[in-house]
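Okay, so here's the structure we're looking at.
The values are calculated or read from the model by the stated rules, or taken from the named source; none is laboratory data. In this text the structure is predicted, and so the values were computed from the model without any measurement. Methodologically, a virtual Cβ is constructed for each residue, glycine included, from the backbone with ideal geometry; neighbour enumeration extends over all protein chains shown.
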Amino acid sequence: MEKSQDCYILVVDDLPDNLVLLQTILEGEGHRVDVADSGALALAKVEASPPDLILLDLMMPDIDGFEVTQRLRQNDQYAAVAILIITAAQNVDEDEGLQIGANGFIRKPVNFEELLEKVEAFC
């Protein structure tokens, strides 16, 4: 697989192990990766330097992934930022997520081949 050049990805998850794992895999594919451990920090990082793609955990203690998505989509400045929601929840309404502006979903446990295919579609 050809490595993407200069794709900036923000990984958002409240679990440090998930952040390290995803960052390691994505950097190994040649992506620039930043991490945030909360929805609030993710919003601040996007405002400071909008990424090409956000891998966004749905269930977080402060601001959940759907709300982060809604807030970003309310600002035209971030319309080009792709958002993939990552979730372990089985009862999540993916249609709701797509309607508020998510570009897709990835289920936990993450299949890394599927993850990389979806990342490549946006980078």
Practice task
Taking ALA42 as the residue in question, decide whether it is modelled with pLDDT under 95 and under 24 Å from GLU117 (Cβ atoms).
Solution key: no
Handout entry: Subset of segment 105-123 (residues that are free of Cβ contacts under 8 Å to residues at least 24 places away in the same chain and either on the phi > 0 side of the Ramachandran plot or not in a strand (DSSP E or B) (or both))
Key = LYS108, PRO109, ASN111, GLU113, GLU114, GLU117, ALA121
Exercise for the section: State yes or no: is ALA80 in contact with a helix residue (DSSP H, G or I) (Cβ under 7 Å, 6 or more places away or on another chain) and either in a helix (DSSP H, G or I) or surrounded by fewer than 16 Cβ atoms within 10 Å (Cβ to Cβ) (or both)? Expected result: no
Practice task
Output the residues belonging to segment 36-77 that are in contact with a strand residue (DSSP E or B) (Cβ under 9 Å, 6 or more places away or on another chain), over 21 Å from ALA88 (Cα atoms) and among the acidic types (Asp, Glu).
Solution key: ASP52
Fill in the blank from the handout: Conditions (1) out of contact with any Leu (no Cβ under 8 Å at 6 or more places or on another chain); (2) more than 25 Å from THR24 (Cα to Cα); (3) part of a helix (DSSP H, G or I) -> GLN90 fails only (3)
